[in-house]
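Participant: Mind having a look at this structure? Questions to follow.
Values quoted throughout were computed directly from the atomic coordinates according to the rules given, and no laboratory measurement underlies them. This structure is a prediction, so every number in the text was calculated from the model and none was measured. Every residue, glycine as well, gets a Cβ built from its backbone with ideal geometry; the counts of neighbours run over all protein chains shown.
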Amino acid sequence: MSDTAPTPGGPSLPQRRLLRTEIPGPLSRELMARKQAAVASGVATVLPVFARRAGGGIVEDVDGNAFIDFGSGIAVTGVGNSAEAVVRRAGAQLERFTHTCVMITPYDGYVEVCEELARLTPGDHPKKSLLLNSGAEAVENAVKIARSHTGRQAVVAFDHGYHGRTNLTMALTAKNMPYKEGFGPFAPEVYRVPMAYPYRWPTGPERCAEEAAAQVTDLIEKQVGAHNTAAIVVEPVLGEGGFIVPARGFLPRIAEFAREHGIVLVADEIQSGFCRTGQWFACEDEGIVPDLITTAKGIAGGLPLAAVTGRAEIMDAVHAGGLGGTYGGNPVACAAALGAIETMRELDLAARARRIEETMRPRLAELAAKHPLIGDVRGRGAMLAAELVRPGTKDPDPAATAAIAAACHAAGLIVLTCGTYGNVLRFLPPLVIGEDLLTEGLDILENALAGL
């Protein structure tokens, strides 16, 4: 095992799992009591330990326990928790100024991030960007822009999709609990259509792409009206819905339909973007060039930043003053984003994500062959998942999923769950994690499955 974190991934934090106390330890329990007294109970916690340091593939808690990180703060810290270039650039910006508001006196960092996004996102057409604070803001503004450009109102979203927690993005999100329960009524003119979910497609994965695309286009034409549809919003790899990779050929058909009918195609790359799937953006896998692309999470190495990037003529459809926000494109976050992009380029983290898949996928396939509880292994790059079902069926098993995650946590491995049915284990290791930690994390997962 390596003794310290890779230089870009964080401080000189030992890269080894270490359990000094029970989980959670006494200091974490003390802090959790304070959290329960001071923080709204709706802010849930996956693993009740409090972080002290993090870097590379390790999160260390206040009790000195060190966990292998297969979560990356939900796909945020792909470059590490305190990557050198992120810290250097953000620190330098902190010394200059923290805020002026780009709508009052702009600054070069905002422009530089937008220039980078124009270079990095798919397509060679002229592009412009809007910077915001969160993924939900990005999706909401993409819808605003699409409506302004087309003069239409309807927005189409997909089964199993997740797009955020604002009123409009809750309407776009498919899963009720915990994201929508008790928060309605939701924004109108949002229509849901089937997702090409190969594992659960009724006639089998071979027919999934063609049949799902036919259903989607028929529903839009018959129930919405293509001429009324401003935008189709889709995740090229679905995140919270279960790391579903749409059947190959489905997204190109949807993109073609959108193009034929003047519908703005919005690719939500908030979880899948910035090298996570082995390419800069997941939609590149099938050559999809979206009209608008929303990004956040991995864009700035842990600082809050999001963006809508798209065709210049669409982005410019909104009147002056119609887009913005007090904190959108904060100068420190912009500096961090430039540092994160620098790190992704210098370390070729897209290739590193592919290498992570080469290590993890065969082991996950072996576990699936050994444990009929695992119904499906899927994903791309460092965005992988295992869907758990009752053996001999495709009935979701959320209880077993929660039990395995808890066993991993107790053994010092951070894993997350997701899925419409709560039965998916998702794996999102930092792209700078060491190979030894990947292997050890998979060993812990294997032991958790064996002990169920």
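Participant: Over region 39-128, what relative contact order in percent results from Cα pairs under 8 Å that are six or more residues apart?
Facilitator: With pairs under 8 Å counted, the relative contact order is 14 percent.
Participant: By a straight-distance test (C-alpha under 27 Å), which lysines pair with K127 as possible cross-link partners, with residues fewer than eight away in the same chain excluded?
Facilitator: Straight-line reach from K127, under 27 Å: K144, K297.
Participant: Continuing with the same structure: Give the residue from T150, N330, L31 lying farthest towards the positive end of the charge dipole for the chain; charges sit on Cβ (+1 for Lys and Arg, -1 for Asp and Glu) and the dipole is referred to the Cα centre.
Facilitator: Farthest towards the positive end: L31.
Participant: Nearest-5 percent of antiparallel DSSP beta bridges in region 84-347?
Facilitator: Rounded to the nearest five, the antiparallel share is 40 percent.
Participant: Sequence gap at least 6, Cα distance under 8 Å: using those rules, report the relative contact order of the chain to the nearest whole percent. Walk me through the numbers before you get to the answer.
Facilitator: Numbers: 997 pairs, mean separation 98.4, N = 452.
After rounding, I find 22 percent.
Participant: With charges only on Cβ, +1 for K and R and -1 for D and E, what is the dipole size of the chain about its Cα centre, in debye, rounded to 20?
Facilitator: Details: 42 positive and 51 negative charges, 133 e Å.
Using Cβ point charges on Lys, Arg, Asp and Glu, the chain gives about 640 debye.
Participant: State whether region 100-193 is rounded, prolate or oblate according to the following rule on the C-alpha gyration tensor (a ≥ b ≥ c being the square roots of its eigenvalues): a/c under 1.5 gives rounded; otherwise a/b larger than b/c gives prolate, and the remaining case gives oblate.
Facilitator: prolate
Participant: Distance between the C-alpha centers of region 276-344 and region 62-94? Whole Å please.
Facilitator: Cα centroid to Cα centroid, the span is 20 Å.
Participant: Now, a different point. Tell me which residues come under 5 Å, amide H to amide H, from S82 once H is placed; ignore anything under 5 positions away on its chain.
Facilitator: For S82, whose amide H was placed from the backbone, the distant partners under 5 Å are G10, G56.
Participant: Which of the pairs K180/K222; K175/K394; K35/K175 have their Cα atoms more than 24 Å apart in this structure?
Facilitator: Result: K180/K222; K35/K175 exceed 24 Å.
Participant: Something else about it: If neighbour count is taken as other Cβ atoms inside 10 Å, put E446, E137, E269 in order from fewest to most.
Facilitator: With the fewest neighbours first, E446, E137, E269 line up as E446, E137, E269.
Participant: Which shape class, rounded, prolate or oblate, goes with region 84-347 when its Cα gyration tensor gives a ≥ b ≥ c as root eigenvalues, a/c under 1.5 marks rounded, and past that a/b bigger than b/c marks prolate? Don't skip to the end; give the middle numbers.
Facilitator: Details: a/c = 1.82, a/b = 1.56, b/c = 1.16.
Prolate, because a/c is 1.5 or more and a/b exceeds b/c.
Participant: Please report the antiparallel percentage of DSSP beta bridges with both residues in the chain, rounded to the nearest 5.
Facilitator: Just about 65 percent of them are antiparallel.
Participant: Please order V216, V233, V43 by the number of other Cβ within 10 Å, starting at the fewest.
Facilitator: Least crowded to most crowded, the residues run V43, V216, V233.
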